[in-house]
Each structure stands twice: as structure tokens, then as C-alpha cells.
Amino acid sequence: MIELIKTVPRVETLSAEHIKLRATFEAYGSDGLFWAQDIDAAYLSLIDGNMVIYNRLPLTEDRTEELVEFLAVINPACVFSDLETLTKLDRKPREEISVMHIKVEENSDKKSDELSSQMLYDLLNVEGLSLPDYEHFAVDICYRLNHGLAEYFGIENTCAAISFHTGKFAIMNGIASHKKGFGSIALKNILAKNRGRDFLVCCRQSVKEFYIKNKFVELYKAGYWVR
């Protein structure tokens, strides 16, 4: 049974879905929609038509059928989950995403430029990143930064990276470089801002090698299904 819930459990495992879902709950709480299936077998969130499905337990045939019917009713614009779940729900994405992990131990003395939300948006608005409209981006990022729920590093007109975090876990929300070599600088410094955390990145296969060179390890495959 899928039921609305008023709280989401804290993250304890290396799951991009759980980190995204919990970080969204901490930012929006009752302004979002959150569900649990069979008490704690799976958790779902929906914000602005974007759904995240975190399967804590393996999908059974009955649970799969219920989730398929639920998605048909809710009709989200986008669904993020692990690849196995998306495939069983007949929501297989066009492109596979690798979920990569690193335990952050590095530090950095390099300070970020002070960037406005518009400057961050312009830096991250590149091919390969799917950004919402600027108005939504600005409200979301400013709220998370002001409430200590996000970090950013940027160099004006050059590169930027944003991460969301919850407890001892963090996830990249966007990274872009407009000059050769500055992608590594943005990555190193956003990691430094999350020192001591388990840090996850959801990346396309075309940039997977970049993260491997920076000592990330692949955990599993995931994806975004888009209506």
C-alpha cells in the first residue's frame, strides 16, 4: 500500500535516490508530496512534477504492479530512480547514468567567487545539464544556501559546481566548466566544501572517466525517465 507520509528517514546508505529525496524533504517539507510503500519498502517524492523513487527493499511483483498503477495516476513529468526499478516500471530512460562515490578527505584554501543566482545559472546552463526555469532555480538555490542545505564553488565566467547535502551525505546538483582544466578545479573545491561526507555524483557515460580519474568509484546504474 502506498500512503502519504509526513517524514522521511535519514540517509544511512549510499543511495543517490535516498539522498535526493531526503534533501528535498529537508528543504520543502510539507510543501512537497512524500509517500511510503508498504511502510518502508520504498519511498517516493514529487516536487514540480519531478518524482524520485527510492526502493529500500527489492521490488516484488505485487509492489511493481502497484507502483505502475500509481505512476499512471500521478503522471509525473520526470522520474529518477535506479535503472532496475525504472526498467521494471516500464520507464527505462534513453540514457544510463552512473552513480559514482567518493569519501571526501581533501581540503582546499581556494575561495569561491561570490556569485549571484543569475551568474550561477548562466555558468551551469550548458548542454548536458537540465536546468529548470531561472525563477525556480533562483528560489530553490537561494533557499537551500541560506538554510545551510547546499554548497557552491564558482569562478566568475569560468566554472561552477553546486551540491546538496543531508547529514554525512552529499550529492552533486550541477557542475560546468567553460575553460579547459577548470572542471577539475570546480570538482576539487566543491568536494573540499563537503569534507568528511560521502559524496555522490550521477553522471553520463561520456564523463564517467573524468570522475574515475578523480578517484570516484561506480556504485550502480540509475537514470531519468522523462515523459
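The values are calculated or read from the model by the stated rules, or taken from the named source; none is laboratory data. The shown structure was predicted, so the numbers you read here are calculated from the model rather than taken from an experiment. All Cβ positions, glycine included, derive from the backbone under ideal geometry; neighbour counts span all protein chains shown. We work out accessible area using only protein heavy atoms, side chains counted, and drop any ligands, DNA or RNA first. Shrake-Rupley method; radii C 1.70, N 1.55, O 1.52, S 1.80 Å.
Here are a few things to note about the model shown:
- Extension gain for Asp122-Val226 works out to 35.1 nm (0.36 nm per residue, less the C-alpha to C-alpha distance).
- Alpha carbon centroid spacing (whole Å) that separates segment 33-68 from segment 152-189: 30
- Computed packing ranks the peptides 50-61, 157-168 as 157-168, 50-61, most packed first, by mean other Cβ atoms within 10 Å.
- For the chain, the longest principal axis of the Cα atoms and the long axis of helix 16-28 meet at an angle of about 80 degrees.
- Solvent-accessible area, 1.4 Å probe, carbon plus sulfur percent, for segment 75-168: 44
- Figure note: Ser30, Ser15 ranked by solvent-accessible area, largest first, 1.4 Å probe, ligands and nucleic acids not counted: Ser30, Ser15.
- Remark: spin-label model distance Glu114-Asn146 equals 1.6 nm, labels positioned 7 Å along the Cα→Cβ axis.
- Degrees separating the helix 134-146 axis from the principal Cα axis of the chain, which is the longest one: 80
- Pair Asp133, Thr13: separation of 7 Å Cα→Cβ label points (nm): 3.8
- For segment 3-161, the solvent-accessible area with a 1.4 angstrom probe is 53 square angstrom per residue.
- Projected label distance in nm at Thr60 and Val104, using a 7 Å step from Cα toward the beta-carbon: 3.9
- Rg to Rh, two decimals, where segment 128-227 supplies the alpha carbon set and Rh follows Kirkwood: 0.94
- Note on the chain: Cα-only Rg and Dmax are 17.3, 52 Å.
- Calculated [222 nm] ellipticity per residue, helices only, for the chain: -9000 deg cm²/dmol; basis is -39500 (n - 2.57) per DSSP H run with n ≥ 4, divided by all residues, nearest 500.
- Carbon plus sulfur fraction of accessible area for segment 1-57, probe 1.4 Å, in percent: 52
- Cross-link table Lys111/Lys215; Lys92/Lys208; Lys6/Lys188; Lys110/Lys213; Lys92/Lys179; Lys168/Lys208, entries beyond 31 Å C-alpha to C-alpha: Lys6/Lys188; Lys92/Lys179
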